[in-house]
Structure formats: C-alpha cells, structure tokens
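The values are calculated or read from the model by the stated rules, or taken from the named source; none is laboratory data. Everything quoted here is computed from the prediction, not taken from an experiment. For neighbour counting, all protein chains shown are included, and Cβ atoms are generated from backbone atoms with ideal geometry for every residue, glycine included.
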Amino acid sequence: MDRRAFVTGLGALLAAPFDAEAQPQTGKVYRLGLLATAAVPYIDAFRQGLRDLGYVEGRTIVIEYREAYSYELLPVLAKELVGLNPDIIVSVGGSPSARAVSAATKTIPVVFLASDVVAGGLVSNLSRPGGNLTGFEVFTTQLEVKRLEILKGTLPRVSDVALLWNPESATYNPSNPTSQRQHIEAAARTLGIRLRMLEAGDLREIDAVFGVLRRERPDAVLVSSDAMFTSRRQRIVELAMQARIPTMYGWREFVEAGGFMSYGTSLPDLYRRAASYVDKILRGARPGDLPVEQPTKFELVINLKTARALGLTIPPSLLLRADQVIE
C-alpha cells in the first residue's frame, strides 16, 4: 500500500461510542487533511483528542494522511491534500510542514504545530494570527540554548560540543534571516564552550558525521530538534552510544530509545490540544481569531542506565529536577 496515500480510518475500531450531541453538525462527515514531516510520534495522541471530543473516524470524520521523509516532498504532499478539498488541514512535525501548507492554500483552515511562527513568517501576531492559519508554538530552536546550559550544568568539564543539524532545515542556516545560529553560538561562548556545527540529513550523512565524532572525540553532542532526526532516532542513539559520547536531545523519545538526556516541550499535550482547535474551527470559529497557543509543559528526561554505561555521574540536584529518570 502506498503510505503517502494511506487514509487513516482504522481508529474507528478503538474509538469512543458515538455521541451525536458532541458533533458540530449531526450527519456531517468531515474530511481532515493531516501533513506530517517524517514519522512524528504523537499522531495517536491527536486522534485520541478527536475521539475525546466525540469524533469517530470513518463515521463523522475521515483523515487523509500524508507523511514526508524529505522536506522536498512537503510542497507536493501539501498540494495533494489541498486538491482533496478538506474541511481543515493539520500540519505537524515542524515549521517546514506548516510553510508548505501555507503556500498551498490561503482559504482552507489550517492548524499547525510549528516553531518560530512569527519570526518565520507563518503568522504576524500570536494573539490574532489572521488569515487561515492558527495553531501551537512548539518551541524547538528556542530551547536549544537551555539544552546547552543543562548539558554544561550536568557535565561541568564540557568545553567542546558538536551540534548536529539538518541543512534541509532553515534552523541554523546562516543565510536565513531567522536562523538561530547566532543565539546558540553566543550562548556557547558565554558558557566557555567551543561549538562545532555538523550537518547531516539522511542516514548516510548521519553515519558519516558520527564517524567524524568518533575520531575527533568532542566532550558531548547536541542533536537539534529536527523532525527528520526524530524519525531516525534509534540509529542516532545507537551511533552516539557506540561512540560513547554524552548526547543531549530535544525530545524524550530519544531517551526512551536509550539516549542520555533530553529537554523539550511535552508533545503529547500539544497534540491533544490541537484536536480542540480542530473542533472549534469545525464548529464555525475562524482560524485567524484563535490565538497561537504556547506550550505549558516542558520535560527533562534522564536515562540513568545510559549515564552509568558512559561512566557519568549525574548531580543529585538535577535528578530531583527531572520529570522522569529512566533506570
């Protein structure tokens, strides 16, 4: 089966009982387009959010799902979804996905989960975004400085850190006016850290970068919060452990896969909240009148088993701060 053309209707088997009064319009079957950058982990949390609001996949709502494993595919898939004339489109997995949908339609309502939404030009104002877009600020690049600070606080002797970033993303591209590169480099200087920027997009490039890291032996690695990296998290964690280099990630999924440490936004919470915006819009709310909401939950997750395997001692104060410690 063609994964890009897969229509997710199986959720109806696990859905809550149909509640006619909970539906915006009885008898109406809504069509929702869902564009994801790579295999984002929390689509099920979004679908559960819809079920909690009374939607039943295959009966009251149909989800047209498109998944891109390369940023280059996003505009193509966004146009596919727009061509289906859905009632609403949801964009997840970062700003590139949201920008692709924004370029493809100015009329279909769009709910996004993205980062740097004002600086990146998705919306002009958080409180009243206007137009056909609204959604949730994920805070990915904005937290990279905090991750670097936590890494330094955990391992005070760290003075040489490699940052892995995806050149397909604009996040750290120096030619991009909204690039976060200057911020992370300034923070590194303040912390007395030499920061090396290493590029990788596909698995071959990721393998090559870790080959360089094994030879050059930095004190630690910071993996940027890129959706493409998330979809390849198992391989990245394996390579980091083989190189025996402490690595900080943006999402807890890396730590659950065996990675050392992560700090970032609680994605399940945002995905569930995104379902509430879909519901409001299907009931008649205009996207431009709904404020772009910001995250309220952030998670520090530490894999103590991995720390021991790397011969690291975690300060007790940090363990107390952690939202989860994996033994």
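General remarks:
- Restricted to segment 116-166, and to residues there that are among the acidic types (Asp, Glu) and surrounded by fewer than 24 Cβ atoms within 10 Å (Cβ to Cβ), the residue that is modelled with the highest pLDDT is Asp160.
- Cross-chain or 6+ apart pairs with Cβ under 9 Å, segment 86-112 first and farther than 19 Å from Arg47 by Cα, then part of a loop (DSSP other than H, G, I, E, B) and of a type in the set (D, E, K, R): Ser95/Asp116; Pro96/Glu168; Ile108/Asp87
- The residues of segment 38-65 that are within 23 Å of Ser266 (Cα to Cα) and not in a helix (DSSP H, G or I), listed by number, are Ala38, Ala39, Val40, Pro41, Tyr42, Leu53, Tyr65.
Rundown of residues vs (1) outside any strand (DSSP E or B); (2) more than 17 Å from the chain's Cα centre (by Cα); (3) within 16 Å of Pro287 (Cβ to Cβ); (4) among the aromatic types (Phe, Trp, Tyr), yes/no style:
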| position | (1), (2), (3), (4) |
| --- | --- |
| Lys79 | yes, yes, no, no |
| Ala98 | yes, no, yes, no |
| Ser102 | yes, yes, yes, no |
| Leu113 | no, no, yes, no |
| Asp116 | yes, no, no, no |
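- Number of residues in segment 168-208 that are β-branched (Val, Ile, Thr), in a loop (DSSP other than H, G, I, E, B) and modelled with pLDDT under 90 equals 2.
- The residue that is nearest to Asn132 (Cα to Cα), among those in segment 285-327 that are among the small types (Gly, Ala, Ser) and in the same structural domain as Val110 (by TED's automatic domain parsing), is Gly288.
- Residues satisfying the stated conditions in segment 191-235, i.e. out of contact with any Leu (no Cβ under 8 Å at 6 or more places or on another chain), aliphatic (A, V, I, L, M) and without any contact (Cβ under 8 Å) to a residue 40 or more places away in the chain: Leu203, Ala208
- When restricted to residues that are farther than 12 Å from Leu35 by Cα and surrounded by 18 or more Cβ atoms within 10 Å (Cβ to Cβ), segment 87-103 contains 1.
- Residues within segment 288-327 that are farther than 22 Å from Leu148 by Cα and either of a type in the set (D, E, K, R) or part of a loop (DSSP other than H, G, I, E, B) (or both), tallied: 6
- Subset of segment 181-208 (residues that are surrounded by fewer than 16 Cβ atoms within 10 Å (Cβ to Cβ) and under 13 Å from Leu151 (Cα atoms)): Gly192
- Some residue of segment 270-287 being in a loop (DSSP other than H, G, I, E, B) and under 19 Å from the mean Cα position of the chain (by Cα): no
- Within segment 270-294, considering residues that are surrounded by fewer than 16 Cβ atoms within 10 Å (Cβ to Cβ) and among the basic types (Lys, Arg), the one nearest to Phe46 (Cα to Cα): Arg283
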